[in-house]
Amino acid sequence: MADAKVIPFDDDRSRGSRGAGSRRRGGPAESAPAGEGPVGDVQPLPVRGAAAQDPAPGPDESPEPRSAVGDGGDRDEGLERRLAAGLSFLRRRLTGDYEVDDFGYDAELTDQVLMSLLRPVYEKYFRVEVKGVENIPAEGGALIVANHSGTLPLDGLMMQVAVHDHHPADRHLRLLAADLVFVLPVVNELARKLGHTLACAEDAERLLAQGELVGVMPEGFKGIGKPFGERYKLQRFGRGGFVSTALRQGAPIVPCSIVGAEEIYPMIGNSKTLARLLGFPYFPLTPTFPWLGPLGAVPLPTKWTIQFGEPIPTDGYAPEAAEDPVLMFNLTDQVREQIQHTLYKLLVQRRSVFF
């Protein structure tokens, strides 16, 4: 807030200090003439120690609430700072005085607004527990590869909040999204502002070359749209294009396992006719949707765990290794097996779907 300075109208602390002084009524008691004692009164004994320095309040006086006065001033100042920050943010948005990168990522809007909207869902609704975030490199490009599930792609958003809020280096995750995301109104703009970009090798390599943290979910629609009976069984990881991208940039691959997303929309059926009419890859039928209307679109409040595994280095391979199909297959299988093994391990440790 270099461009805004807030001057408080008054200061509760100074007002409190004046109030404290005004409580001490009257002047000092008149002393008796020398050699004479007071008539009808008993002289108080002299008080020693701390009591002499801090006399007790009289019958008409009340103790001064020092801490309350100070705390109230701090709260007022904090409120004023937040109000000034909010007004400055609105001014920059209205005047266009903010920056976005070549992909449309708006760091200020993401940090101050979008993450604040996602955080209650992350912390209070799904109660996400994060493990192994220290395995994500503190700097430089890296590729996070995760399983995909849940009918709607909430798992990617929760993974993004996990990295944003828990990584010690305050890194931001740039997700690779499907074409469908960028043709939907409103969703397209929000995805760009959050730092998402098209799931293609060119964009992924550019981001890795810039030292960004890139997230990909190779299962795609096969993972997110699979039946509930196949939950936590990883689908095919494509043709290993993400491995080729990591090899070209020498970026480490960080496996990520997400437990809890599979149960938010238990998909018991798929209306292929409606899917073709709407242009969707699938149209989910769950125990609540579409039978309960909009209420059926509310996800179940499952308990989530997101675990980041140890990174798999790729900088030790020669540049032409990105074109070696055998190496690509082996690395792809290694990443997939590590994610699957971690999913089984987390499921065994889980006490309940909801707790």
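Of everything in the range 144-177, what is open to solvent by 40 Å² or more (accessible area, probe 1.4 Å) and part of a loop (DSSP other than H, G, I, E, B)? Give them in sequence order.
Residues satisfying the conditions are 152, 153, 168, 169, 170.
Mind telling me which of the residues 218, 255 ends up being modelled with pLDDT of 95 or more and open to solvent by less than 20 Å² (accessible area, probe 1.4 Å)?
255
Kindly provide the set of residues from the range 297-355 that are over 27 Å from residue 266 (Cβ atoms) and aromatic (Phe, Trp, Tyr), ordered by number.
317, 329
Among the residues of the range 165-190, which ones are in contact with a Leu (Cβ under 8 Å, 6 or more places away or on another chain) and either without any contact (Cβ under 8 Å) to a residue 24 or more places away in the chain or of a type in the set (Gly, Ala, Ser) (or both)?
So in the range 165-190, the residues in contact with a Leu (Cβ under 8 Å, 6 or more places away or on another chain) come out as 171-177, 179, 182, 190.
Selection gives 177, 179, 182.
Under 8 Å between Cβ atoms, at least 6 apart or on separate chains: pull out the pairs that start in the range 104-124 with a residue that is of a type in the set (Gly, Ala, Ser) and end on any residue that is open to solvent by 60 Å² or more (accessible area, probe 1.4 Å).
If the second residue must be open to solvent by 60 Å² or more (accessible area, probe 1.4 Å), the pairs left are 104/192; 107/99.
I'm told residue 141 meets every condition in (1) modelled with pLDDT of 95 or more; (2) open to solvent by 50 Å² or more (accessible area, probe 1.4 Å) except one. Can you identify the failing condition by its number?
(2)
Conditions: (1) free of Cβ contacts under 8 Å to residues at least 60 places away in the same chain; (2) outside any loop (DSSP other than H, G, I, E, B); (3) not aliphatic (A, V, I, L, M). Residue 266 meets all but one. Number of the miss?
Only one criterion in (1) free of Cβ contacts under 8 Å to residues at least 60 places away in the same chain; (2) outside any loop (DSSP other than H, G, I, E, B); (3) not aliphatic (A, V, I, L, M) is unmet by residue 266, namely (2).
Determine which single condition residue 267 fails, assuming it passes every other condition in (1) more than 30 Å from residue 109 (Cβ to Cβ); (2) modelled with pLDDT of 95 or more; (3) open to solvent by 50 Å² or more (accessible area, probe 1.4 Å).
Residue 267 satisfies every listed condition except (3).
Quick grid of which residues meet (1) open to solvent by less than 70 Å² (accessible area, probe 1.4 Å); (2) assigned to a loop (DSSP other than H, G, I, E, B); (3) under 21 Å from residue 145 (Cα atoms); (4) aliphatic (A, V, I, L, M):
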{"site": "262", "(1), (2), (3), (4)": "yes, no, yes, no"}
{"site": "276", "(1), (2), (3), (4)": "no, no, no, no"}
{"site": "290", "(1), (2), (3), (4)": "yes, yes, no, no"}
{"site": "307", "(1), (2), (3), (4)": "yes, no, yes, no"}
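Here are some residues: 302, 342. Which one is under 30 Å from the mean Cα position of the chain (by Cα) and either in a loop (DSSP other than H, G, I, E, B) or without any contact (Cβ under 8 Å) to a residue 12 or more places away in the chain (or both)? Working first, answer last.
Working: 342 fails: either in a loop (DSSP other than H, G, I, E, B) or without any contact (Cβ under 8 Å) to a residue 12 or more places away in the chain (or both).
Being under 30 Å from the mean Cα position of the chain (by Cα) and either in a loop (DSSP other than H, G, I, E, B) or without any contact (Cβ under 8 Å) to a residue 12 or more places away in the chain (or both) holds for just one of 302, 342, which is 302.
Confirm whether residue 238 is part of a strand (DSSP E or B) and either surrounded by fewer than 16 Cβ atoms within 10 Å (Cβ to Cβ) or at negative phi (or both).
It is false that residue 238 is part of a strand (DSSP E or B) and either surrounded by fewer than 16 Cβ atoms within 10 Å (Cβ to Cβ) or at negative phi (or both).
Being among the β-branched types (Val, Ile, Thr), surrounded by fewer than 16 Cβ atoms within 10 Å (Cβ to Cβ) and in a helix (DSSP H, G or I) is the filter; apply it to the range 80-128 and report the residue that is nearest to the chain's Cα centre (by Cα).
Among them, the one singled out is 113.
Would you confirm, using the coordinates I've provided, whether residue 134 is open to solvent by 50 Å² or more (accessible area, probe 1.4 Å), under 15 Å from residue 167 (Cα atoms), outside any loop (DSSP other than H, G, I, E, B) and in contact (Cβ under 8 Å) with a residue 24 or more places away in the chain?
When the stated conditions are applied, residue 134 passes them.
The values are calculated or read from the model by the stated rules, or taken from the named source; none is laboratory data. Note that the structure is a prediction, hence the values are computed from the model and not measured. Note that we place each Cβ from the backbone using ideal geometry, even for glycine, and neighbour counts take in every protein chain shown. Each accessible area value is taken on the protein alone, full model and side chains, heavy atoms only, with ligands, DNA and RNA left out. Shrake-Rupley method; radii C 1.70, N 1.55, O 1.52, S 1.80 Å.
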